[in-house]
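> Here you go, one structure.
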Amino acid sequence: MLKQHLNALRKANPNVTIGFVPTMGALHEGHGSLIECSIKEQNITICSIFVNPTQFGDIADLANYPKPIAQDIALLIGLSCDILFLPDYEQVYPPDYLQIEFNLSGLDHKIEGASRPGHFQGVCNVLSRFFEIIEPNVSYFGQKDFQQTVVVKKLIELQRRTMGVKVVPIKREPNGLAMSSRNIRLSTQGRKNAAFIFTALTTAKDDFYAGMNLESVLAKAQQFINAQKGASVEYIVAVDTKTLSKVTKATNEIVILTVVIYEDIRLLDNIIL
Ligand code: AMP
């Protein structure tokens, strides 16, 4: 249905440009910034909401994923998003669909992929279905999920798509906490306190530019986070922004990626040096 509608739009106006923002819903201003970016740059903006089971390793995490659809629709209307794509499971994965194993040159096994086996294969399967249906000119992704942006670029290269990818900066709460659908599961006080993650990352960046070696930068940040009551670092690494390989010395471009467990919630964040 959506495909037919978009084909009709393209037939009527061959120059029409389509921007695509894939999400899992529970929309917040972070998603909003991607949608606003697409609206500014493209003629038509499509936001999808689909909680993709194949990218969840943990069934409880999938079951607990928030689904405030009425609120999401209100947010999309408020932003004047053109199209909401809200497919059901069979629309994305027809009964004869076979999950594809993409050769992502190991990018899917590193860092977040090591903590969540199969996660990025699930992401690539759902995105490749969406790209087939929508054929967007440009897709918009958040820097918040940094590894995902690298994996998506690899997927596009593999599939030889002409589609563009735009990475939008991390939208943060006023205290610096990266916006996330999971933040609503933090206590009121916890949500305020969780600013320490951004403090750790900005301090790490300052330390790096002050000449501290990367190993010490990471060790100091980890120590600072672990010293916060109820917080523990799952990982904090400095990697090359393109290869995601760990770096110990200054290379072209480095990003520090971290996952912090706080109040039993996995909070992701990163900073580009
Ligand atoms: P999700 O619904 O969590 O799958 O996220 C959908 C898209 O929104 C992904 O490209 C995310 O990286 C992006 N996103 C989520 N949170 C933020 C944020 N705080 N700032 C910018 N983009 C974000």
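> Inside the range 132-178, can you point out the residues that are acidic (Asp, Glu) and open to solvent by 70 Å² or more (accessible area, probe 1.4 Å)?
Those that are acidic (Asp, Glu) and open to solvent by 70 Å² or more (accessible area, probe 1.4 Å): Glu132, Glu135, Glu157.
> Another question, then. For the range 157-176, give me each residue that is assigned to a loop (DSSP other than H, G, I, E, B) and touching a residue at least 60 places away in the same chain (Cβ under 8 Å).
Answer for the range 157-176, where residues must be assigned to a loop (DSSP other than H, G, I, E, B) and touching a residue at least 60 places away in the same chain (Cβ under 8 Å): Pro169, Ile170, Lys171.
> Got at least one residue in the range 77-88 being within 12 Å of the ligand (Cβ to nearest atom) and either crowded, with 17+ Cβ neighbours inside 10 Å or not small (Gly, Ala, Ser) (or both)?
Checking the range 77-88: not a single residue is within 12 Å of the ligand (Cβ to nearest atom) and either crowded, with 17+ Cβ neighbours inside 10 Å or not small (Gly, Ala, Ser) (or both).
> Another one. I want to confirm something. Restricting to the range 19-60 and keeping residues that are open to solvent by less than 30 Å² (accessible area, probe 1.4 Å) and polar (S, T, N, Q), which single residue is farthest from the ligand (Cβ to nearest atom)?
Gln42
> Being open to solvent by less than 70 Å² (accessible area, probe 1.4 Å), modelled with pLDDT of 95 or more and assigned to a strand (DSSP E or B), is that true of even one residue in the range 11-18?
Yes: the range 11-18 contains one or more residues that are open to solvent by less than 70 Å² (accessible area, probe 1.4 Å), modelled with pLDDT of 95 or more and assigned to a strand (DSSP E or B).
> Another question, if that's okay. Could we say that Val233 is in contact with a helix residue (DSSP H, G or I) (Cβ under 6 Å, 6 or more places away or on another chain), of a type in the set (A, V, I, L, M) and open to solvent by less than 20 Å² (accessible area, probe 1.4 Å) here?
So Val233 fails the test.
> Would you please name the residue that is nearest to the ligand (Cβ to nearest atom), looking only at residues in the range 179-214 that are in a loop (DSSP other than H, G, I, E, B) and open to solvent by 80 Å² or more (accessible area, probe 1.4 Å)?
Ala210
> Out of the residues in the range 251-273 that are touching a residue at least 12 places away in the same chain (Cβ under 8 Å) and assigned to a loop (DSSP other than H, G, I, E, B), which is most open to solvent (accessible area, probe 1.4 Å)?
Asn252
> For Ala63, which of the numbered conditions (1) crowded, with 18+ Cβ neighbours inside 10 Å; (2) away from the ligand (no atom under 12 Å from the Cβ); (3) modelled with pLDDT under 95 fails to hold?
So Ala63 meets the others, but not (1).
> While we're on this one: Being of a type in the set (Val, Ile, Thr) and in contact with a Cys (Cβ under 8 Å, 6 or more places away or on another chain) is the requirement here; does Val168 meet it?
Considered against the rule, which asks whether it is of a type in the set (Val, Ile, Thr) and in contact with a Cys (Cβ under 8 Å, 6 or more places away or on another chain), Val168 comes out as yes.
The values are calculated or read from the model by the stated rules, or taken from the named source; none is laboratory data. Because the structure is a prediction, the values reported are computed rather than measured. All Cβ positions, even for glycine, are placed from backbone atoms using ideal geometry, and neighbour counts span all protein chains on display. Please note that ligands, DNA and RNA were not included when accessible areas were found on the heavy atoms of the full protein model with its side chains. Shrake-Rupley method; radii C 1.70, N 1.55, O 1.52, S 1.80 Å.
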